[in-house]
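Quick notes on the structure that follows.
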Amino acid sequence: MNFKISKIILYLLLFFLLVPLFVLVIWSFSNSWPWPNMLPKDLGIRAYKHIFSFRTGTLGVLIYSIILSATVTLITIIISIPASKALGVYDFPLKKLFKILVLAPIIVPPVAVAMGIHVSFIKMGLANTFLGVVLVHLIPCIPYGVRIITSVFEGIGEKMEIQAKVLGASSLQTFFHITLPMITPGVISAASMVFIVSFSQYFLTFLIGGGKVKTLSLVMFPYIQSGDRMMASAYSIVFSLTTLMILLIMEKSIKKKYKRETDLFV
Amino acid sequence: MSQIELKNINKSFDGKTILNNISLKVEEGERISLLGPSGCGKTTTLKIIAGLLKNDKGQLLIGDKDVSKVPVEKRGAVIVFQDYLLFPHMTVAENIGFGLKMAKKNKNIIKEKVDELLKLVKLEGLGDRYPDELSGGQKQRVAIARALAVDPKVLLLDEPFSNLDTGLRDEMREFISNLQRKLNITTILVTHDKEEALMISDRIAVMLNGEIKQIDEPSEIYKHPKSIEVANFLGNRNYIKGNIKEGKFETEIGLFNIDNREQKEVIAMINPEDIYLDNSSNEGLEGTITEVRYAGDRIYYKIKIKNKQIRVISNSDKVYRLNEKIFIHMDFNNGVFF
C-alpha cells in the first residue's frame, strides 16, 4: 500500500518536472504560438541557428562557461576534501559552530556581501577578470561541497585509514589508495552539485565580471527578460543539456577508474 | 617475530586514568590474551603497542628497541580489528597485497606472496572476489592474511571472534591457533570472553580497571586466582566466609575438615564443578534444590543450604528435581582462600 503511494508520488514528481521541459522544447522551435492555439502556428529553427552559428560566438561562450565552472568545481573540491575530513572525522572545540558557519554563505544572501567584495576586488584588480569570477563563485559553491563530502566522511570514519597505516602505508599513500577511492562517489555528487551552482550563477558573475566575463547564463538572461521565448527556450535547453552531459561524462570517467562502487554510499 | 615488553605504561584521557602501570612481557612466538570486561583498557593497550595511541609514561620495547617514537606505519606491529576493515574497493588479492604494494615491492613478488597466503588461509581461487562477496569467516581470514603479508614482528588481534556465530567461532579459533603455532608469530589477543582466553592462550593477563591483576597460564589463572576480582571474572564461583581453627573450617553453612593451616578469618572459593551431589546416603550437608538448568552435557543447579545459595555444575546422568532434598560434598582442601 505504502509502496503504491510512494510510486504514485514519484510519477507525479517526474511528470511535473518533465512537462515544463517538454513545453520548452516546443517553444524553442516555434516562431509564434499565440493563444488559443493548441499547437504552435509557425515552426522554425532560428534560435538554434543563432546559438550554433560561429558568427554569434555563443558556442565560444558555452565553452568558456564550462571551463569557468569546471575550474570552480576543481578548486571547491580541493578545498572541501580536507575541510570535510576535519568536520566529519575529527573532534575539536566549537566544531558545531564551524559546521553552521560553513553554511553561512548560502544562508546570507550573496547580494549582501557581493557589494563589499566588489569594492575590494576593484582595488585588487580582480574585478572584470576570469580569476575574480572564479573566486566569487567559490562563495556559494564551497558550502555545498563541504556539506556533501562531510557526510561521506561521517559515514566512513577514520578506521580504514588507520588500518592502511597499520599495514605500513604513508599518509600520502593512504590518501590516494584508500581515502580517495572510498569518498569518490560522494565527491562525484558534490562536484555535480557545485558545477550546477556555478554554471547557473547570474548575479555574482554579472557584478564581479562586469559583463566582460561572459557566461551562458549572462548571455541567456536578456532573452528571458525581453520575452523572446524562442531564444530563451533554446538557450535553456542548451543549458540543461550541457550540465547533463558534464555530469554524465564526470560519472563515467571516474567510475571507469574506480571500477567498483561500494554500497557504503547510496 | 620478536619479544615485546611493556614497562610501566600509563595512559589517561581527559584526566581519567585508563592504564595504570601496565607491565607485560611477551616472549617470542608466544600467544598471550588480554582478558577483561569492556572499558578495562585492553584495547587501549593494544592500540599503544600498534602505535595508534601514545603512552603518557613508560617504555615499549619490540625486540630490544624502544619503539615509543616509531610511527605506526614503521612499527611492525600489525593490528587486526574486530570488524576486519577490508578495503571495499579492492579484491581479496589486492587487499592481501596492500602492505607489500605500499612497501613498493616488485609485482611478481607480491603475486607470489599473495598466492602463498591465500593457500595458507585456505582461500585459493577467491583472490578476485570483492569483500562484500565473502562470508564472515572468509573476511576474517583475508584480514589475517593481509596482516601476515607484511611479515609483522607482532600480530595484534582485537576481539577477533566476537563477530562470528558460534559454530564458525570454534572453527576460526582452531584455525588461528594452528596458524599461529605454524608461523610461530608473537601474538597478543584482546578478548572479553573468558572461555576463548582459556582455550587459546599460552598465558592470560587479566585486566581490570586499567591494571593487570594477574598474568599466568590458563589453568593456573582458573584454579588459583590471586584475588576475588580475578576469580569472579573467570566464572561464577561460590564464596564462603568462615574461620579456620585447629583443623576445622567453621562457616555459615557448616563445619568442614581441613588440613592444618594458619588460624584466621578467610573467604574460601570453591568451583561449582568441584561440588558433588548425592542422595543415596545421609552423609554431607543437607540442602534443597532451588534451580535446575539442563544444558545437555552438564546440569546447572542452585542449592539452598541454611540461607546460602550454592552453585553446582554436575556432569552426571542423574537429574535431580526442583525442591528435592539433596546432600552435597565439598572438599575445601582444593579450595582457594583469600
Subset of segment B:78-98 (residues that are more than 8 Å from chain A (Cβ to nearest Cβ) and not in a helix (DSSP H, G or I)):
B:VAL80, B:GLN82, B:TYR84, B:LEU86, B:MET90, B:THR91
Taking the options A:MET220, A:MET160, name whichever one is under 25 Å from A:ILE106 (Cβ atoms) and assigned by TED's automatic domain parsing to the domain that holds A:ALA104.
A:MET220
Where in segment A:158-231 are there helices (runs of 4 or more DSSP H), lying fully within it, with 2 or more residues that are away from chain B (no Cβ under 14 Å) and in contact with a helix residue (DSSP H, G or I) (Cβ under 7 Å, 6 or more places away or on another chain)?
A:180-199, A:203-209, A:216-226
Filter result for the condition that a residue is crowded, with 22+ Cβ neighbours inside 10 Å, touching a residue at least 24 places away in the same chain (Cβ under 8 Å) and among the small types (Gly, Ala, Ser), over A:SER84, A:SER151
A:SER84
Scanning segment A:209-230 for residues that are of a type in the set (Ser, Thr, Tyr) and either within 22 Å of A:LYS41 (Cβ to Cβ) or in contact with a His (Cβ under 9 Å, 6 or more places away or on another chain) (or both) gives A:TYR223, A:SER226
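One line per residue, one yes/no per condition, for (1) part of a helix (DSSP H, G or I); (2) at pLDDT 90 or above; (3) assigned by TED's automatic domain parsing to the domain that holds B:ILE9:
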| position | (1), (2), (3) |
| --- | --- |
| B:ASP151 | no, no, yes |
| B:PHE161 | no, no, yes |
| B:LYS182 | yes, no, yes |
| B:LEU189 | no, yes, yes |
| B:ILE204 | no, yes, yes |
Residues of segment A:23-60 being among the hydrophobic types (A, V, I, L, M, F, W, C), more than 26 Å from A:LEU218 (Cβ to Cβ) and surrounded by 10 or more Cβ atoms within 10 Å (Cβ to Cβ), in sequence order, are A:TRP33, A:LEU43
What strands (runs of 3 or more DSSP E) lie completely within segment B:256-338 and have 2 or more residues being within 23 Å of B:ASN232 (Cα to Cα) and touching a Lys or Arg at 6+ places or on another chain (Cβ under 9 Å)?
B:265-270, B:285-294, B:299-305, B:308-314
For segment B:77-95, the count of residues that are of a type outside the set (Phe, Trp, Tyr), closer than 30 Å to B:GLU5 by Cβ and surrounded by 21 or more Cβ atoms within 10 Å (Cβ to Cβ) equals 5
Matching option when the condition is in contact (Cβ under 8 Å) with a residue 60 or more places away in the chain and surrounded by 18 or more Cβ atoms within 10 Å (Cβ to Cβ), among B:ILE144, B:ILE110, B:ILE176
B:ILE144
In segment B:99-146, which residues are part of a loop (DSSP other than H, G, I, E, B) and either of a type in the set (Ser, Thr, Tyr) or under 31 Å from the mean Cα position of the chain (by Cα) (or both)?
B:VAL121, B:LYS122, B:LEU123, B:GLU124, B:TYR130, B:LEU134, B:SER135
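The values are calculated or read from the model by the stated rules, or taken from the named source; none is laboratory data. Just so you know, these numbers come straight off a predicted model, no measurement behind them. Using ideal geometry, Cβ is built from the backbone for each residue, glycine included, and neighbour counts are taken over all protein chains shown.
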